[in-house]
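This report refers to the structure that appears directly beneath it.
The values are calculated or read from the model by the stated rules, or taken from the named source; none is laboratory data. Please read these numbers as outputs of a predicted model, since none were measured by experiment. Quick reminder, even Gly has a Cβ in these numbers, built from the backbone with ideal geometry, and neighbours come from all protein chains shown. For accessibility, only protein heavy atoms count, side chains too; no ligands or nucleic acids. Shrake-Rupley method; radii C 1.70, N 1.55, O 1.52, S 1.80 Å.
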Amino acid sequence: MRILIATATRHGATREIGRWLGSTLLHRLSGIDSTTTVDVRDASDVDSIAEYDAAIIGSGVYMGRWLKDARSLIAREQAELETMPVWLFSSGPLDGSTPTGTRPKETKAHWAIEHRVFGGKLDHSRLSSFERAVVRLIKAGDGDSRSPADVARWAEDISGVLAEHAQRPVRVVRSRDHL
Ligand SMILES: Cc1cc2nc3c(=O)[nH]c(=O)nc-3n(C[C@H](O)[C@H](O)[C@H](O)COP(=O)(O)O)c2cc1C
């Protein structure tokens with residue numbers, strides 16, 4: 001089974017979540033199918049998803065939107081994405097809450113199995129002066145609200161679905177409840 005994890009990131013937080021997901025997925029699935037591969041790539045580096053059996057796409061959230069690289073990937077590959085199991089995730093909220101704006105419209109894709117919102121990470125020393133001005137306005141302080149344990153749990157849920165899919169390819173049931 002070939003799995004793609006594609007992330008769009010400005011400061012690395014979402015890419016790191018992608019790597020955490022990838023390591024749990026590979027660990028879980030290689031025990032079931034030794035040919036499993038998990039590619040963790042920047043969304044901008046993905047030319048085609050035709051070679052994959054499943055995809056997980058994530059983006060950092062900025063002013064209530066996904067980053068352009070993730071939006072473009074979804075727009076360009078939508079027809080292909082509709083034929084495979086797909087999960088979406090965002091990295092955004094900095095205080096454990098889920099404020100308005102953390103469910104960008106791209107993540108309401110009816111063909112995705114689920115959209116999960118993980119916390120975000122903020123480090124003022126890495127921000128541009130414009131970004132610093134924005135976070136000053138919303139009074140966001142430095143911190144890391146991501147939970148590697150939550151990410152690993154989600155990866156285990158995904159592994160369960162994919163393991164079943166690998167053994168007995170069935171039409172994946174998509175739930176709008178999670179979107
Ligand atoms: C300028 C700026 C705007 C942001 N806007 C939002 C937002 O609208 N909603 C949200 O949940 N998080 C927002 N965040 C928090 C980021 O989504 C969070 O820091 C995320 O982890 C960044 O991911 P990245 O490092 O992969 O780019 C914002 C952060 C910055 C610096």
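For the reader, a short list of remarks on this structure follows.
- In segment 118-130, the residues that are in contact (Cβ under 8 Å) with a residue 12 or more places away in the chain and part of a helix (DSSP H, G or I): 124, 126
- Residue in segment 146-159 that is over 17 Å from residue 87 (Cβ atoms), part of a helix (DSSP H, G or I), modelled with pLDDT of 85 or more and open to solvent by less than 50 Å² (accessible area, probe 1.4 Å) present: no
- Restricted to segment 1-19, and to residues there that are over 11 Å from the mean Cα position of the chain (by Cα) and within 15 Å of residue 159 (Cβ to Cβ), the residue that is surrounded by the fewest Cβ atoms within 10 Å (Cβ to Cβ) is 2.
- Of the residues making up segment 24-35, those that are without any contact (Cβ under 8 Å) to a residue 12 or more places away in the chain and surrounded by 14 or more Cβ atoms within 10 Å (Cβ to Cβ) are 27, 30.
- Look at (1) open to solvent by 70 Å² or more (accessible area, probe 1.4 Å); (2) touching a strand residue (DSSP E or B) at 6+ places or on another chain (Cβ under 7 Å); (3) not hydrophobic (A, V, I, L, M, F, W, C) and you find that residue 76 fails only one, number (2).
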